[in-house]
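Report on the following structure.
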């Protein structure tokens, strides 16, 4: 169940971060509210995750998956461009997340 909580935390953080860009410095009400609610949900579900998953593992997964998905959404929604070094770096992050999940006994939470 802890990894379900982590998935909800990651999705909430991705929604909040995407809305943060759309809030234009908290000048647009809808995206601003979505940002605050999204981050509150993200931290709440991350706190539930930490009852069973080591902090370092949870944070590595949360930040790694978050970076990859936020980069994708930035490209799709906001038209942000990723050059080759950025894509290679994101690939390394994704590889790290996969290595943790497949090979680390610490991630067994």
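The values are calculated or read from the model by the stated rules, or taken from the named source; none is laboratory data. The structure presented is a predicted model; accordingly, all values stated were derived computationally and were not measured. We place every Cβ from the backbone using ideal geometry, glycine too, and count neighbours over all the protein chains shown.
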Identify all residues within region 29-53 that are part of a loop (DSSP other than H, G, I, E, B) and surrounded by 14 or more Cβ atoms within 10 Å (Cβ to Cβ); write none if there are none.
50, 52, 53
How about region 54-63: which of its residues are over 18 Å from residue 14 (Cβ atoms) and either out of contact with any helix residue (DSSP H, G or I) (no Cβ under 7 Å at 6 or more places or on another chain) or in a helix (DSSP H, G or I) (or both)?
55, 56, 57
Filter region 56-81 down to the residues that are over 20 Å from residue 16 (Cβ atoms) and at pLDDT below 90 and list them by number.
56, 57
Within region 1-28, can you find the residues that are over 22 Å from residue 74 (Cβ atoms) and more than 16 Å from the chain's Cα centre (by Cα)?
1
Go through region 9-28 and give me each residue that's part of a helix (DSSP H, G or I) and either surrounded by fewer than 17 Cβ atoms within 10 Å (Cβ to Cβ) or touching a residue at least 24 places away in the same chain (Cβ under 8 Å) (or both).
9, 10, 12, 13, 14, 16, 17, 18, 21, 22
